[in-house]
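Student: Next up is a structure, given as structure tokens.
The values are calculated or read from the model by the stated rules, or taken from the named source; none is laboratory data. Bear in mind that the values here come from a model prediction, so they are computed numbers and not experimental data. Every residue, glycine among them, receives a Cβ derived from its backbone with ideal geometry; neighbour counts consider all protein chains shown. We work out accessible area using only protein heavy atoms, side chains counted, and drop any ligands, DNA or RNA first. Shrake-Rupley method; radii C 1.70, N 1.55, O 1.52, S 1.80 Å.
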Amino acid sequence: MAANNRRMSGKKGAQVGSGGQRRRGLEGKGPTPPAEMRKKHKKNRIANAKAKQAARRPATLKSRGGKGTSEMVVGRNSVVEALREGVPASMLYVQQFIDNDERVREALQLAGERGGIHLMEAPRPELDRMTNGLNHQGLVLQVPPYEYAHAEDLAAAAYDQGEDPLIVALDGVTDPRNLGAVVRSVSAFGGHGVVVPERRAAGMTAGAWKTSAGAAARTPVARATNLTRALEGYKKAGIAIVGLAADGEHTVGDLEALGGPVVIVVGSEGKGLSRLVGETCDYRVRIPMPGGTESLNAGVAAGVVLYEAARRRS
């Protein structure tokens, strides 16, 4: 009976407390963080993935040189050649009910092997509209805008590698194939990049990519709003500016400055260096040509001087 009375008693003994957890549970936790910062949220996973991609991206893609414009490569032969040469592409448009010949099959195969190129089937009138009536032959390749570096980035990257900068600047070169050839030469002789003016100059088009034979993927191209100011910036950083001129005071083989930090400036084949760019140069050099040829195109001239610079550095 006594035991039963104890069970029925309302008197409470000692109890384990909550340690203040109940009270803290009633307190506010502050504003809800945005979805990008909440773990396990879809937007958080997407933000983390983008951050990882940005960290893996080369430094030249994060620079301040800006973007070019997108471009369309049209025609079966042109599209196949662009895909063979590794020209960057984001979309391959294929005409509906196209005649499936060998070039079409190769284009589809190359696009599939590359990865990252979306295939889109479109009616002929749509392709006509996209290409402004050009003879696209049922194939159109979209080339994304080129990510230009900043002129300062080229020298900084060279110094980061413990090397003296070796850069080529183009003054008034308007043929994309010449730009592509210069990029290829810069890559072959261990240079650190190419600088082009923003206006009235060739840019990194599909034609330049093709001529570079893949070197454009390894060698950055910077775009300068004002080439003269960019060269003056290099001079302030202690980099010699060497301009190529038919009446130059020095010959390429005698100029010791090519063995140090240098920017080689190449003008157009017809007009050469512009006045302001020529006045900015520390040295004006000529390439001796016993054969009597009056001038060389930009790609060949840059290759000759780059070879001499590489020889002095070896």
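Student: Please go through segment 220-239 and pick out each residue that is out of contact with any Cys (no Cβ under 9 Å at 6 or more places or on another chain) and aliphatic (A, V, I, L, M). Write out each step before concluding.
Tutor: Step one: of segment 220-239, the residues out of contact with any Cys (no Cβ under 9 Å at 6 or more places or on another chain) are 220-230, 232-239.
Within segment 220-239, VAL221, ALA222, ALA224, LEU227, ALA230, ALA237, ILE239 qualify.
Student: Only residues in segment 279-298 that are assigned to a loop (DSSP other than H, G, I, E, B) count as the first member; pair them with residues that are open to solvent by less than 80 Å² (accessible area, probe 1.4 Å) and at pLDDT below 85, Cβ under 7 angstrom, at least 6 apart or cross-chain, and list the lot.
Tutor: ILE287/LEU296
Student: Being out of contact with any strand residue (DSSP E or B) (no Cβ under 7 Å at 6 or more places or on another chain) and under 19 Å from GLU163 (Cα atoms) is the filter here; which residues of segment 247-257 pass it?
Tutor: If the condition is that a residue be out of contact with any strand residue (DSSP E or B) (no Cβ under 7 Å at 6 or more places or on another chain) and under 19 Å from GLU163 (Cα atoms), then GLU256 is the only one that fits.
Student: Okay, next question. All but one of (1) modelled with pLDDT of 95 or more; (2) touching an Asp or Glu at 6+ places or on another chain (Cβ under 9 Å); (3) of a type outside the set (S, T, N, Q) hold for TRP209; state the number of the condition that does not hold.
Tutor: The number of the failed condition is (1).
Student: Helices (runs of 4 or more DSSP H) wholly in segment 42-116 with at least 1 residues that are small (Gly, Ala, Ser) and modelled with pLDDT of 90 or more - which ones?
Tutor: Working: elements: 42-56, 76-84, 102-114.
The helices (runs of 4 or more DSSP H) meeting that bar are 76-84, 102-114.
Student: Looking only at segment 230-259, count how many residues are in a helix (DSSP H, G or I), farther than 18 Å from GLY191 by Cβ and among the hydroxyl-bearing types (Ser, Thr, Tyr).
Tutor: Of the residues in segment 230-259, 0 are in a helix (DSSP H, G or I), farther than 18 Å from GLY191 by Cβ and among the hydroxyl-bearing types (Ser, Thr, Tyr).
Student: Looking only at segment 96-139, which residues are farther than 22 Å from ALA216 by Cα, surrounded by 14 or more Cβ atoms within 10 Å (Cβ to Cβ) and among the aliphatic types (A, V, I, L, M)?
Tutor: ILE98, VAL104, LEU108, ALA122, LEU127, MET130, LEU139, listed by residue number.
Student: With the checklist (1) more than 28 Å from ARG284 (Cα to Cα); (2) in contact (Cβ under 8 Å) with a residue 12 or more places away in the chain; (3) surrounded by fewer than 24 Cβ atoms within 10 Å (Cβ to Cβ) in hand, flag the one item ASP153 doesn't pass.
Tutor: Status for ASP153: all satisfied but (1).
Student: Here is a follow-up. Select from segment 293-314 the residues that are charged (D, E, K, R) and touching a Leu at 6+ places or on another chain (Cβ under 6 Å) and write down the one among them that is surrounded by the most Cβ atoms within 10 Å (Cβ to Cβ).
Tutor: Initial filter on segment 293-314 (charged (D, E, K, R)): 294, 308, 311-313.
In the following step, the residues that additionally are touching a Leu at 6+ places or on another chain (Cβ under 6 Å) were identified as 308, 312.
Values: GLU308: 20, ARG312: 15.
Within segment 293-314, the match that is surrounded by the most Cβ atoms within 10 Å (Cβ to Cβ) is GLU308.
Student: Which condition number does ASP171 fail, the rest of (1) of a type in the set (D, E, K, R); (2) open to solvent by 50 Å² or more (accessible area, probe 1.4 Å); (3) closer than 16 Å to ALA298 by Cβ; (4) touching a helix residue (DSSP H, G or I) at 6+ places or on another chain (Cβ under 8 Å) being met?
Tutor: Only one criterion is unmet by ASP171, namely (2).
Student: Here's another thing I want to ask about it. Which of the residues belonging to segment 204-229 are part of a loop (DSSP other than H, G, I, E, B) and in contact with a strand residue (DSSP E or B) (Cβ under 7 Å, 6 or more places away or on another chain)? Please lay out each step first, then the result.
Tutor: Initially, segment 204-229 is screened for residues part of a loop (DSSP other than H, G, I, E, B), giving 204-205, 213-214, 218-220, 225-226.
Scanning segment 204-229 gives MET204, THR205, THR219, PRO220.
Student: When only residues in segment 236-292 that are farther than 24 Å from ALA222 by Cα and among the hydrophobic types (A, V, I, L, M, F, W, C) count, which is most open to solvent (accessible area, probe 1.4 Å)?
Tutor: Selected residue: ALA246.
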